[in-house]
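K.L.:
Sharing a structure below in structure tokens format, with a few things to ask.
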Amino acid sequence: MTILDAIWAQRRSSGRTEILARAAWITGLRDRSDRDQTPETLYGHSRSAPKRRAILVTALFAAGLASPGLAGPPIANAGNAADPAPATVSTPTPLAEERVAFHAQFTVVGQGNLPFRAPYRGDNSLDGNGEVRETADVTFYAGYRPWAGGELWVNPEIDQGFGLRNTLGAAGFPSAEAYKVGKAHPYGRIHRLFFRQTIGLGGQDENVAADLNQLAGTRKTNRIVLTVGKFSVVDIFDNNKYAHDPRHDFLNWSVVDAGSMDYAADAWGYTYGAAAEYYRGNYTLRAGLFDLSTVPNTIDLETDFRQFQGEIELEARHSVNGHPGAVRVTGFLSRGNMARLDDAVAYAKSNGTVVDPVPVRRFQTSLGVSVSAEQELSNTVGVFARAGIGNGKFESFEFTDIDRTVSFGISIKGTGYGRPNDTIGVAGVINSITAARRRFLDAGGLGVLVGDGKLPHPGDEHIVEAYYDLGVYKTFRLALDAQLIHNPAYNRDRGAVPVVGVRAHAQF
């Protein structure tokens, strides 16, 4: 069956010729789809918040969501960043097509670092005396199905708070619920506004459960999914069932995503773009084109794709003794106005100025590749790993200051001790940088997240994280999280840094 045949079949089955004429036009654009092994759900990364005000808001809001009067139906939740539990189930009876949906989520994270050895500090250093910060966000999800296979979603969000040191001090920053923009008072933004078109290409029918950014219905196992609008690159790329969602599993930036993947985004983690996904049997091929920021690490996005990033990913799904697994290989290419790190150092020396990438920025191309793997070992235990490598010659454009990364971990459900809705997770990460970035930081340069003013004794950044996520109620969860960061910001003179945190999350 050709793509045109599939579109025409959708037109006839819907019985709406005029609407489907528009669907055929939209399929010439791009749409979004899936993240997990099959569910097509968009999630995202989060924010920050200050102290007592956020705690009070958290308590009131969580109490309201947890009450039976306000709680909605349970949402699929298994342990991923996009969609913790598989939201799709093959059943003989097709689900009714959902036309309109409304959901909401609330997350608050309180996190602090204990005092640690810090003989000196720079503008981008963690506080050696210790610090406590909070982040809070409320997200609303409104979806509408204008025709067969089409979904329009908008996600307005209210954010408040700060990450530790206003989200600075470690390349593997300890909270992916902390934005690079911290504010003491609540403020609103529309983080996602996108359209998704799914085109069936044959195969079996499978049911799609209602979830955040996902309308209930059915779809074909072989399909094309197109997404266009404003969303996050990691809504679609670099997914991992056990480590991808700071609202449900790990918190550290370099655990929930490949740290070396300098993905296109504004300071909140979102961008404009389009993505296409082709599902065939046990394989999925994804590609996307996205706007970069106007200048590296800023709140403003390009609007004409003059500076852009391309993504491509191949996913292979498999089964080992009846337990599912997946491997994904992701590559990116960024074309933008960026500085070579050695040029910035040389310019500062020759002109007697501080190291600053701005005077030597010009249009250049940066590349990177990463591999992600996940494997269920039993009905209660799953393992995962990631590895990635970036160019390392240029300043980081959007995400964080990591040129090489390796992470691995395990996720365990509490079924064995009578707590099937609880999850324990343990992960380790090793992040490193190139010689060019070491010279840049040692000369006093500041990266996206790191910069201690000097780096006389560099070393790899080693991080261990463990969390316990407690299912308090079907719509409300609490989690405890602990991390230990050795050589924060690649500096053997500082640390290790103990970080502890608590997370409250509700959704309906």
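The values are calculated or read from the model by the stated rules, or taken from the named source; none is laboratory data. If you're wondering where the values come from, they're calculated on a predicted model, not measured in any experiment. Cβ: placed from backbone, ideal geometry, glycine included. Neighbour counts: every protein chain shown. Accessible surface areas use protein heavy atoms only, side chains included; no ligands, DNA or RNA. Shrake-Rupley method; radii C 1.70, N 1.55, O 1.52, S 1.80 Å.
To keep it simple, each residue is scored yes or no on (1) closer than 24 Å to His103 by Cα; (2) part of a strand (DSSP E or B); (3) open to solvent by 20 Å² or more (accessible area, probe 1.4 Å).
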residue: Gly172; (1), (2), (3): no, no, no
residue: Glu177; (1), (2), (3): yes, no, no
residue: Arg189; (1), (2), (3): yes, yes, yes
residue: Arg196; (1), (2), (3): yes, yes, no
residue: Ile199; (1), (2), (3): no, yes, no
residue: Gly203; (1), (2), (3): no, no, yes
residue: Ile224; (1), (2), (3): no, yes, yes
residue: Asp245; (1), (2), (3): yes, no, no
residue: Asp262; (1), (2), (3): no, no, yes
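K.L.:
Could I ask something else about it? Among the residues of region 391-410, how many are modelled with pLDDT under 95, surrounded by fewer than 24 Cβ atoms within 10 Å (Cβ to Cβ) and within 18 Å of the chain's Cα centre (by Cα)?
P.N.:
Residues that pass the stated criteria total 1.
K.L.:
Looking for something under 24 Å from the mean Cα position of the chain (by Cα), among the charged types (D, E, K, R), open to solvent by 10 Å² or more (accessible area, probe 1.4 Å) and modelled with pLDDT of 95 or more - is there at least one such residue anywhere in region 472-480?
P.N.:
yes
K.L.:
Somewhere in region 274-283, is a residue surrounded by fewer than 19 Cβ atoms within 10 Å (Cβ to Cβ), modelled with pLDDT under 95, among the basic types (Lys, Arg) and out of contact with any strand residue (DSSP E or B) (no Cβ under 6 Å at 6 or more places or on another chain)?
P.N.:
Taking every residue of region 274-283 in turn, none turns out to be surrounded by fewer than 19 Cβ atoms within 10 Å (Cβ to Cβ), modelled with pLDDT under 95, among the basic types (Lys, Arg) and out of contact with any strand residue (DSSP E or B) (no Cβ under 6 Å at 6 or more places or on another chain).
K.L.:
Which members of region 183-204 meet the condition of being of a type outside the set (Val, Ile, Thr) and under 17 Å from Arg145 (Cβ atoms)? Break it down into steps so the answer makes sense when it comes.
P.N.:
Restricting attention to region 183-204, the residues satisfying the condition of being of a type outside the set (Val, Ile, Thr) are 183-189, 191-197, 200-204.
Arg192, Leu193, Phe194, Phe195, Arg196, Gln197, Gly200 - these are the residues of region 183-204 that are of a type outside the set (Val, Ile, Thr) and under 17 Å from Arg145 (Cβ atoms).
K.L.:
Being open to solvent by 30 Å² or more (accessible area, probe 1.4 Å) and in a strand (DSSP E or B), is that true of even one residue in region 436-446?
P.N.:
The answer is no; no qualifying residue exists.
K.L.:
If a residue has to be among the β-branched types (Val, Ile, Thr), more than 30 Å from Val472 (Cβ to Cβ) and in contact with a strand residue (DSSP E or B) (Cβ under 7 Å, 6 or more places away or on another chain) to count, how many in region 395-439 make the cut? So that I can check it myself, show each step before the final result.
P.N.:
Within region 395-439, the subset among the β-branched types (Val, Ile, Thr) is 400, 402, 405-406, 410, 412, 415, 423-424, 426, 429-430, 433-434.
Those still in the list that are more than 30 Å from Val472 (Cβ to Cβ) too: 400, 402, 405-406, 430, 433-434.
With the extra rule that they be in contact with a strand residue (DSSP E or B) (Cβ under 7 Å, 6 or more places away or on another chain), the set shrinks to 402, 405-406, 430.
Adding up the residues that qualify gives 4.
K.L.:
Let me ask something additional. Which residues, taken from region 412-422, are open to solvent by 10 Å² or more (accessible area, probe 1.4 Å) and part of a strand (DSSP E or B)? Step through it out loud before you land on a result.
P.N.:
Taking region 412-422 and keeping what is open to solvent by 10 Å² or more (accessible area, probe 1.4 Å), we get 412-413, 415-421.
Passing the criteria: Ile412, Lys413, Arg419, Pro420, Asn421.
K.L.:
Now a separate question. Looking at Lys230, Lys241, Lys180 in this structure, which one is touching a helix residue (DSSP H, G or I) at 6+ places or on another chain (Cβ under 9 Å) and of a type in the set (D, E, K, R)?
P.N.:
On the way: Lys230 fails: touching a helix residue (DSSP H, G or I) at 6+ places or on another chain (Cβ under 9 Å); Lys241 fails: touching a helix residue (DSSP H, G or I) at 6+ places or on another chain (Cβ under 9 Å).
Every option except Lys180 fails the conditions.
K.L.:
Additional query: How about region 101-110: which of its residues are in contact (Cβ under 8 Å) with a residue 60 or more places away in the chain, open to solvent by 10 Å² or more (accessible area, probe 1.4 Å) and out of contact with any Asp or Glu (no Cβ under 7 Å at 6 or more places or on another chain)? It would help to see each step written out before you state the result.
P.N.:
Applying the first criterion (in contact (Cβ under 8 Å) with a residue 60 or more places away in the chain) to region 101-110 yields 101, 103-110.
Right, trim to open to solvent by 10 Å² or more (accessible area, probe 1.4 Å) and you get 103, 108, 110.
Within region 101-110, His103 is the sole residue that qualifies.
K.L.:
Applying the selection to region 350-379, what residues are hydroxyl-bearing (Ser, Thr, Tyr) and in contact (Cβ under 8 Å) with a residue 40 or more places away in the chain? Full working, then the answer.
P.N.:
Kept after step one, since they are hydroxyl-bearing (Ser, Thr, Tyr), are these residues of region 350-379: 350, 353, 365-366, 370, 372, 378.
Hits for region 350-379 are Ser366, Ser370, Ser372, Ser378.
K.L.:
Can you confirm whether Ser372 is crowded, with 19+ Cβ neighbours inside 10 Å and among the hydroxyl-bearing types (Ser, Thr, Tyr)?
P.N.:
yes
K.L.:
Could you tell me which residue of region 146-162 is most open to solvent (accessible area, probe 1.4 Å), considering only residues that are among the aliphatic types (A, V, I, L, M) and within 20 Å of Gly229 (Cβ to Cβ)?
P.N.:
Residues of region 146-162 that are among the aliphatic types (A, V, I, L, M), as a first pass: 148, 152, 154, 158.
If we keep only those that are within 20 Å of Gly229 (Cβ to Cβ) too, we end up with 148, 152, 154.
Details: Ala148: 29, Leu152: 78, Val154: 42 Å².
The selected residue is Leu152.
K.L.:
May I pose another question? If you scan region 131-145, which residues turn out to be closer than 15 Å to Ala101 by Cα, of a type outside the set (Phe, Trp, Tyr), surrounded by fewer than 21 Cβ atoms within 10 Å (Cβ to Cβ) and in contact with a Leu (Cβ under 7 Å, 6 or more places away or on another chain)? Explain how you work it out, then say what you get.
P.N.:
Within region 131-145, the first condition is being closer than 15 Å to Ala101 by Cα, and the residues that meet it are 139-145.
Pick out the ones that are also of a type outside the set (Phe, Trp, Tyr) and you get 139, 142-143, 145.
Okay, now just the ones that are also surrounded by fewer than 21 Cβ atoms within 10 Å (Cβ to Cβ), so 142, 145.
Residue satisfying the conditions is Arg145 alone.
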